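Q: The structure's right below; bear with me while I get my questions together.
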Amino acid sequence: MPKLSAILTLTSSLILGVGGVWIAFNVDMLPVSASINAPVYDELYRVLFIIGSILFIGMTALVIYSLIQFRRRPGETGDGIDLEGNISLEIFWTAVPAIVVLFVGLYSYDIYDRMGGMQPLMHDHNGAMDHQAERVWGGIGSGPIVSSSTQNSSSLPIELTAMQFAFIFHYPKGDIISGELHVPVGREVSLKMESKDVIHAFWVPQFRLKQDVIPGQPTILNFTPTKAGNFPIVCAELCGPYHGGMRSNVIVDEQEDFENWLKENSKESI
Amino acid sequence: MTILVKPSGSPPEKLQPTGWLKYLSFSLDHKVIGLQYLVCGFLFYLIGGSLAGAIRVELISPLSDFMPREVYNQVLTLHGTIMIFLWIVPVVNGAFGNYLIPFYVGARDMAFPRLNAVAFWLIPPSGLMLITSYFINGAAQSGWTAYPPLSITTPAAGQIIWILSVLLLGGSSIFGGINFIATILKLRRPGLKLMQLPMYCWAMLGTSILVVLSTPVLAGTLILLSFDIVAHTGFFNPSLGGNVIVYQHLFWFYSHPAVYIMVLPAFGLVSEILPIHSRKPLFGYTTMVFSIMGIVVLGLVVWAHHMFTSGTPPWMRLFFTIATAFIAVPTGIKFFNWVATLWGGKIALNPAMLFSCGFIINFVLGGITGVALAQVPFDVHVHDTYFVVAHFHYIVYGGSVFVIFSSIYHWFPKFTGKMLNENLGRFHFIITFIGFNLCFAPQHWLGLNGMPRRVAEYDPQFQLINQLSSVGALLMALSTLPFLWNILQSILYGDDAGDNPWNALTPEWLTSSPPPVENWEGEAPLVLEPYGYGEKHLNKTQEEKK
């Protein structure tokens, strides 16, 4: 009998493990990935989804099995088995979550590092702005993966001013002011953000990035788009009555198209 | 000067109204106060639920077309504030804590009965004040988090009333916390050791420590915020040199522990309910106690995970990621121990048991998404989206509210001496469980795909899923009808429950239903084994009887 239950436990955990992996690879719940950051994010998401599915399905199955198997039958009185604890079992299920959590923590540290989160934020926002070592808080910076994958050595600096209820982008090169964000494919963009009134947040779901835009405290967000297209910019911090309507677009162009756009518009503004 | 001291601890008879009027009095009886908390909390739950219904109606269509945008923000602010401060916190702490803790420690009342009554009577006026602020220039519209500068720039009247009522509710919470700590540590019946207390006492001890340590920080923060609004000081106002991030740190220093203030007592209540209805001892008592205390300690050092996109330095993000993820360890222990408590039992599939098991399933999902959200790289995408909305409703509704219903089904016979209709209760559970999951599970997808929270209008591609979610919300609303009917029906015509319908061993069942003032006719029973169920125990007690 103990042999049978051991085999049953083993098979069911095997099915559970395989099922968890299958679910994570077949249930796609994420939007298009359109930045260097996004595939790294999706990898983390998949790992978390595998672990989560196994745990959730496993616990739910245990609860439902117990309710059916150990239910009180009609006319049945008396108590269940007298089991007040089991030290080795308890050590087992303290250790397993601890190991899982430790693994997830280290793994997400690695992901964070690959996203450039651990890069010191030293940014040369060409100009007199940064003379007095201004303290800038950042979102995820663009790490080493960027420099290896792109020919452009320098990033494209853009300034974002958020206000109720709009995003205003300013390109120092060409002095362009735009309500939509135009960026080229494959080049790192360094977005320096500040709010004029309340806290807003800059979020592009397809880039898997978000950073609050704070009044009185500039923040920086670096990203490298990888896919040409038109993606939404969403304000993600409650900023007033029209918060839901505070949206814009990021238009990711091919390099030439972007240069053209830059030329056309800087002529006008000069 | 002479002071006359009455020999008896009980107040003079004539000052205590009898009958139903005692529930509208400044009663000092902990059981009356407990039920006052429960009924008052439930009334606010109905109001908060109606507001949630209004939100779900607005979100049926992608346009802002059901109510004005300002009103929508007022509604979501009131919904959050009412559900947290007037329903879950007062009920899992105040209602069940007041009713049960004196029984569990073998006392005749709480340590400070008058403080107890004050703590309760602060709640109805501050709740009414909060709701009526809607009719005076509009209620607060900056969300229950009241982040400046939005809370400074929105109409001041509503925001100030919001601050005042949250301060009063926080005061009530602190009074309650002090009372629980004193009662549990100082009023224990002689011969009763701490490690022999029912698990709910440990949960309330841990929770009260959190309340007493963190609520004053919220109070201080809100007072500074009110200075910024009324006196134009510059603590958090960036145009006057203030710092908005400091507010967030101070706010979340309370408001993250607030989550544990809402779920730890629920953990305690489930630990009481499961052993009785599965006729087994609580599995792993000692590890349960240590995991509660572990959660208390860790819960105080994780607040900045609410601020991963606010602009926090990398080292801080890492520290709070790891601290937050580690809460999963003590929490996990508790869930495995509960499943082990079910294992091999003689489980009664009554509403109390079903709601507790529904809690386990919902909370596991909410916990898993919680560990995911703790990871900075994961959070930067889904922070402030419907993914978070789904996550915390799985914790506070799927967790705490399911436990509140479970506890009402479990203790109703003690409160009233009447039985509830079990079939109607099972029906209530099924509708609530389906409605809840239909309402909130799809919201995970919404958040991952780009729908931010707190919006009245959204991208039309999300319409179908939002409508699905609204259908779930409708089911949740309808599910309260069989519950209310069941309660009314049972109070008026319910079967007599007897003193101990569940054959339970914890001290509240060892007296009449409803219990007399001061709890026991004679001496308080000394219960050294509150979870002494199981075959061996049964045989032992039968032998003793012979």
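Q: Failed condition for A:G174, given (1) more than 14 Å from every other protein chain (Cβ to nearest Cβ); (2) in a strand (DSSP E or B); (3) farther than 22 Å from A:Y112 by Cα, with all others met?
A: Going through (1) more than 14 Å from every other protein chain (Cβ to nearest Cβ); (2) in a strand (DSSP E or B); (3) farther than 22 Å from A:Y112 by Cα one by one, A:G174 breaks only (2).
Q: Additional query: Do we have any residue at all in the range B:69-86 that's surrounded by fewer than 22 Cβ atoms within 10 Å (Cβ to Cβ), outside any helix (DSSP H, G or I) and acidic (D, E)?
A: Checked the range B:69-86: no residue is surrounded by fewer than 22 Cβ atoms within 10 Å (Cβ to Cβ), outside any helix (DSSP H, G or I) and acidic (D, E).
Q: Does the range A:223-261 hold any residues that are more than 9 Å from every other protein chain (Cβ to nearest Cβ), touching an Asp or Glu at 6+ places or on another chain (Cβ under 9 Å), under 21 Å from A:K192 (Cα atoms) and assigned to a loop (DSSP other than H, G, I, E, B), and which are they?
A: Scanning the range A:223-261 gives a single hit, A:T224.
Q: Filter the range B:343-385 down to the residues that are out of contact with any Ser or Thr (no Cβ under 9 Å at 6 or more places or on another chain) and more than 20 Å from B:L318 (Cα to Cα) and list them by number.
A: If the condition is that a residue be out of contact with any Ser or Thr (no Cβ under 9 Å at 6 or more places or on another chain) and more than 20 Å from B:L318 (Cα to Cα), then B:L349, B:N350, B:N362, B:G366, B:T385 are the ones that fit.
Q: Another one. Which numbered condition trips up A:F167, out of (1) within 30 Å of A:V250 (Cα to Cα); (2) at pLDDT 90 or above; (3) over 25 Å from the mean Cα position of the chain (by Cα)?
A: The failed condition is (3).
Q: Next up: Pick from A:E180, A:E159: which is under 30 Å from B:P68 (Cα atoms), modelled with pLDDT under 95 and over 20 Å from the mean Cα position of the chain (by Cα)?
A: A:E180 is the lone residue from the list that is under 30 Å from B:P68 (Cα atoms), modelled with pLDDT under 95 and over 20 Å from the mean Cα position of the chain (by Cα).
Q: A further question follows. Please go through (1) small (G, A, S); (2) closer than 30 Å to B:P17 by Cα; (3) within 14 Å of chain A (Cβ to nearest Cβ) for B:S61 and return the number of the only condition it doesn't satisfy.
A: Tallying (1) small (G, A, S); (2) closer than 30 Å to B:P17 by Cα; (3) within 14 Å of chain A (Cβ to nearest Cβ), B:S61 fails exactly one: (2).
Q: Which one of the conditions (1) under 30 Å from B:F359 (Cβ atoms); (2) in contact with a helix residue (DSSP H, G or I) (Cβ under 8 Å, 6 or more places away or on another chain); (3) modelled with pLDDT under 85; (4) more than 7 Å from every other protein chain (Cβ to nearest Cβ) does A:G75 fail to meet, given that it meets all the rest?
A: Here A:G75 clears every test but (2).
Q: Right, another one. Residues of the range A:204-222 being touching a Pro at 6+ places or on another chain (Cβ under 9 Å) and either basic (K, R) or more than 7 Å from chain B (Cβ to nearest Cβ) (or both), which ones?
A: A:V204, A:Q206, A:F207, A:R208, listed by residue number.
Q: Among the residues of the range B:431-456, count how many are out of contact with any strand residue (DSSP E or B) (no Cβ under 8 Å at 6 or more places or on another chain) and in contact (Cβ under 8 Å) with a residue 12 or more places away in the chain.
A: Residues that pass the stated criteria total 18.
Q: Could you please tell me which pairs satisfy a Cβ distance under 9 Å, a separation of 6+ or placement on different chains, a first residue in the range B:360-385 that is farther than 21 Å from B:Y147 by Cβ and within 7 Å of another protein chain (Cβ to nearest Cβ), and a second residue that is assigned to a helix (DSSP H, G or I) and acidic (D, E)?
A: B:A372/B:D379
Q: Do you know which residues across the range A:5-52 are assigned to a loop (DSSP other than H, G, I, E, B) and within 18 Å of B:L446 (Cα to Cα)?
A: Hits for the range A:5-52 are A:V27, A:D28, A:M29, A:L30, A:P31, A:V32, A:S33.
Q: With respect to B:P102, determine if the residue is of a type outside the set (F, W, Y), in a helix (DSSP H, G or I) and over 23 Å from B:Y45 (Cα atoms).
A: Yes: the conditions hold for B:P102.
Q: Still on this model: All but one of (1) buried (at least 24 other Cβ atoms within 10 Å of the Cβ); (2) under 21 Å from the mean Cα position of the chain (by Cα) hold for B:V259; which doesn't?
A: Exception for B:V259: condition (1).
Q: Are there any pairs, at least 6 apart or on different chains, whose C-beta atoms fall under 7 Å, with the first in the range B:69-97 and closer than 19 Å to B:E457 by Cα and the second assigned to a helix (DSSP H, G or I) and among the acidic types (D, E), and if so, which?
A: B:Y72/B:E58
Q: May I pose another question? Among the residues of the range B:128-142, is there at least one that is buried (at least 21 other Cβ atoms within 10 Å of the Cβ), more than 14 Å from every other protein chain (Cβ to nearest Cβ), assigned to a helix (DSSP H, G or I) and out of contact with any strand residue (DSSP E or B) (no Cβ under 6 Å at 6 or more places or on another chain)?
A: Taking every residue of the range B:128-142 in turn, at least one turns out to be buried (at least 21 other Cβ atoms within 10 Å of the Cβ), more than 14 Å from every other protein chain (Cβ to nearest Cβ), assigned to a helix (DSSP H, G or I) and out of contact with any strand residue (DSSP E or B) (no Cβ under 6 Å at 6 or more places or on another chain).
Q: Sticking with this structure for a sec: Which residues, taken from the range A:44-63, are within 8 Å of chain B (Cβ to nearest Cβ) and either in contact with a Cys (Cβ under 9 Å, 6 or more places away or on another chain) or among the hydroxyl-bearing types (S, T, Y) (or both)?
A: Those that are within 8 Å of chain B (Cβ to nearest Cβ) and either in contact with a Cys (Cβ under 9 Å, 6 or more places away or on another chain) or among the hydroxyl-bearing types (S, T, Y) (or both): A:Y45, A:T60, A:V63.
Q: Separate question: Just one of B:L222, B:L264, B:L250 is within 30 Å of B:L100 (Cβ to Cβ) and either among the β-branched types (V, I, T) or touching a residue at least 12 places away in the same chain (Cβ under 8 Å) (or both); which is it?
A: B:L264
Q: Here's something else I'd like to know. Taking interchain pairs and intrachain pairs at least six residues apart, which have beta carbon atoms under 7 angstrom, with the first residue in the range A:82-98 and facing chain B (nearest Cβ under 9 Å) and the second charged (D, E, K, R)?
A: A:D82/B:E535; A:D82/B:K536; A:L83/B:K280
Q: Just one of the numbered conditions (1) buried (at least 22 other Cβ atoms within 10 Å of the Cβ); (2) more than 14 Å from chain A (Cβ to nearest Cβ); (3) among the hydroxyl-bearing types (S, T, Y) is not true of B:S356; which one?
A: Condition not satisfied by B:S356: (2).
The values are calculated or read from the model by the stated rules, or taken from the named source; none is laboratory data. It should be emphasised that the depicted structure is a prediction, and the values quoted were computed from it without experimental measurement. Every residue, glycine among them, receives a Cβ derived from its backbone with ideal geometry; neighbour counts consider all protein chains shown.
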